[in-house]
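Peer 1: Got a structure for you, written out below as structure tokens; questions coming shortly.
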RNA sequence: GUGGGCGUAGUGUAGCGGUUAACACGUCAGGUUGUGGCCCUGAAGAUCGUGGGUUCAAAUCCCAUCGUCCACCCCA
């Protein structure tokens, strides 16, 4: 085989579209319910938009698709959704709209990673951002929306992990405390963690290496070192979640993959998690807009992977809503009837009735088989008699094959 | 980026050194004179992922490469 889809990418075939459709429709419906407005940003951006945000993160430093265009511009295929939306917020002066600005999108993301189940080089995310308001009620709203999405879709046994990782005020103190704690334990930690200790100490907390687990278990939790403002923010967020009955699990080890997060971080995963556990997550990024050259502006959002949602829907055997079937298959018996059949199908479609005409020169029997395998509800048959009489025979493939012959002009009323 | 499993018609599999690579599903065509779903018959469809090598002989052994799956890493 000469060509195939590039590594880590996949064709979304017709048989999978109902799943995609189900997820996208549910997400859009929810976004509208919460009055979020849709936004679409380019599939590639100036590479700097991402590189300046996350030198220390793998997503940016190791997994970005970077290329130069013919004009020598350094561009990157979008690795994540938040930065482009913030760029658009600034570029279009959205700070002049009522705050917060609530936005949603579904878009492909690209990461040059080694593919495995649930992890692809191109994957799709439904994401939501609320920019310009630091009220913890917005945090709760965002978390609720993500939770509701899974709920509406019919996913069960999910856990919401929640944490706060402070802000510029309290993070330095906490990191100092964390380093202090780790200082005499580094020789027992894994190699990666020795690097993290200097470069990105917060990441010490989500190390998966077994030898680090006992150290992490005893490590100081950020939530015990939050400044007053962050502590209050976090407490109010939890209060809101309690009010609307959303259960969460406080997880002091949750830190997230992008470095721009502040205060609230959250992640939702299925109980029986495999290698690629996280279904979606997000957090607050109160410093991001400023980093991109705007005035200090708070923001919060989530992203959730559509492929992973679908994997879990299938695994949990969530039933899909019924798919509309072909309403009328138009069969004809002689070549003379062909043009009448063709026109009938055309007229039916214009009246909003899905229909397909038989093609080629198959026998009536073959056409019937064809109609059946297409899942047609009814067959309209135009044989010699019908052609002579100006009628058609309607056969219902479902109700035991009952059929009637009616004037062709009355077809629509009989389809009802 | 690291380690491992796998790669045979559209799909799922069998064959694992020796004549025309098999089966199921699917597709297409038939099963007498205008009709589906079951059944029967037939046909099309595979340079056995690709490229090298070993051998008188390779889908079967070896190497490389690409892809895929799993674990790690990371993350959605």
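Nothing in this text is a laboratory measurement; each read-out follows from the coordinates by a stated rule. Owing to the predicted nature of the structure, the values given are computational and were not obtained by experimental measurement. In this analysis, Cβ positions are derived from the backbone assuming ideal geometry, glycine residues included, and neighbour counts consider all displayed protein chains.
Peer 1: Provide a single number: the residues in segment A:202-215 that are assigned to a helix (DSSP H, G or I), surrounded by fewer than 19 Cβ atoms within 10 Å (Cβ to Cβ) and in contact with a helix residue (DSSP H, G or I) (Cβ under 9 Å, 6 or more places away or on another chain). Let's see the steps before the verdict.
Peer 2: The initial filter retains those residues of segment A:202-215 that are assigned to a helix (DSSP H, G or I), namely A:202-206, A:210-215.
Pick out the ones that are also surrounded by fewer than 19 Cβ atoms within 10 Å (Cβ to Cβ) and you get A:206, A:210-211, A:213-214.
Then drop every residue that is not in contact with a helix residue (DSSP H, G or I) (Cβ under 9 Å, 6 or more places away or on another chain), which leaves A:206, A:211, A:214.
Residues in segment A:202-215 being assigned to a helix (DSSP H, G or I), surrounded by fewer than 19 Cβ atoms within 10 Å (Cβ to Cβ) and in contact with a helix residue (DSSP H, G or I) (Cβ under 9 Å, 6 or more places away or on another chain): 3 in total.
Peer 1: Another one. Take segment A:103-124 and flag every residue that is within 27 Å of residue A:30 (Cβ to Cβ), near RNA strand B (Cβ under 10 Å from one of its atoms) and either out of contact with any helix residue (DSSP H, G or I) (no Cβ under 9 Å at 6 or more places or on another chain) or outside any loop (DSSP other than H, G, I, E, B) (or both).
Peer 2: Once the filter is applied, which keeps residues that are within 27 Å of residue A:30 (Cβ to Cβ), near RNA strand B (Cβ under 10 Å from one of its atoms) and either out of contact with any helix residue (DSSP H, G or I) (no Cβ under 9 Å at 6 or more places or on another chain) or outside any loop (DSSP other than H, G, I, E, B) (or both), segment A:103-124 yields A:109, A:110, A:119, A:122, A:123, A:124.
Peer 1: Applying the selection to segment A:298-322, what residues are over 27 Å from residue A:140 (Cα atoms), within 15 Å of RNA strand B (Cβ to nearest atom) and in contact (Cβ under 8 Å) with a residue 60 or more places away in the chain?
Peer 2: A:314, the sole residue that qualifies.
Peer 1: Can you tell me which of (1) assigned to a helix (DSSP H, G or I); (2) more than 16 Å from RNA strand B (Cβ to nearest atom); (3) within 37 Å of the chain's Cα centre (by Cα) is the one residue A:372 doesn't meet?
Peer 2: Looking at each condition in turn, residue A:372 falls short on (2).
Peer 1: Of the numbered conditions (1) within 29 Å of residue A:322 (Cβ to Cβ); (2) surrounded by 12 or more Cβ atoms within 10 Å (Cβ to Cβ); (3) within 9 Å of RNA strand B (Cβ to nearest atom); (4) over 43 Å from the mean Cα position of the chain (by Cα), residue A:386 satisfies every one except a single condition; which is it?
Peer 2: (1)
Peer 1: Is at least one residue of segment A:80-102 part of a loop (DSSP other than H, G, I, E, B) and within 16 Å of RNA strand B (Cβ to nearest atom)?
Peer 2: To start, the set of residues in segment A:80-102 that are part of a loop (DSSP other than H, G, I, E, B) comprises A:80-81, A:92-93, A:97-100.
Narrowing the set further to residues that are within 16 Å of RNA strand B (Cβ to nearest atom) leaves A:80-81.
Yes; the residues of segment A:80-102 include at least one that is part of a loop (DSSP other than H, G, I, E, B) and within 16 Å of RNA strand B (Cβ to nearest atom).
Peer 1: Please state which one of A:54, A:71 is free of Cβ contacts under 8 Å to residues at least 12 places away in the same chain and either exposed (fewer than 15 other Cβ atoms within 10 Å of the Cβ) or closer than 25 Å to residue A:307 by Cα (or both). Step through it out loud before you land on a result.
Peer 2: Details: A:54 fails: free of Cβ contacts under 8 Å to residues at least 12 places away in the same chain.
Result of the check over A:54, A:71: A:71.
Peer 1: Let me ask something else about it. Pairs only if they're at least six apart or on different chains, beta carbon under 8 angstrom, first in segment A:1-26 and more than 28 Å from residue A:63 (Cβ to Cβ), second assigned to a helix (DSSP H, G or I) and away from RNA strand B (no atom under 13 Å from the Cβ); list them, first residue then second.
Peer 2: So the pair list comes out as A:22/A:153; A:22/A:313; A:26/A:152; A:26/A:153.
Peer 1: Which residue pairs have Cβ atoms closer than 6 Å, lie 6 or more positions apart in sequence or on different chains, and pair a first residue in segment A:89-115 that is more than 24 Å from residue A:65 (Cα to Cα) with a second residue that is in a strand (DSSP E or B)?
Peer 2: Cβ pairs passing all conditions: A:94/A:101; A:100/A:130; A:100/A:131; A:101/A:131; A:102/A:130; A:103/A:37; A:103/A:129.
Peer 1: I would also like to ask the following. Look at residue A:239 and say whether it is out of contact with any strand residue (DSSP E or B) (no Cβ under 8 Å at 6 or more places or on another chain) and in a loop (DSSP other than H, G, I, E, B).
Peer 2: On the way: out of contact with any strand residue (DSSP E or B) (no Cβ under 8 Å at 6 or more places or on another chain): yes; in a loop (DSSP other than H, G, I, E, B): no.
Considered against the rule, which asks whether it is out of contact with any strand residue (DSSP E or B) (no Cβ under 8 Å at 6 or more places or on another chain) and in a loop (DSSP other than H, G, I, E, B), residue A:239 comes out as no.
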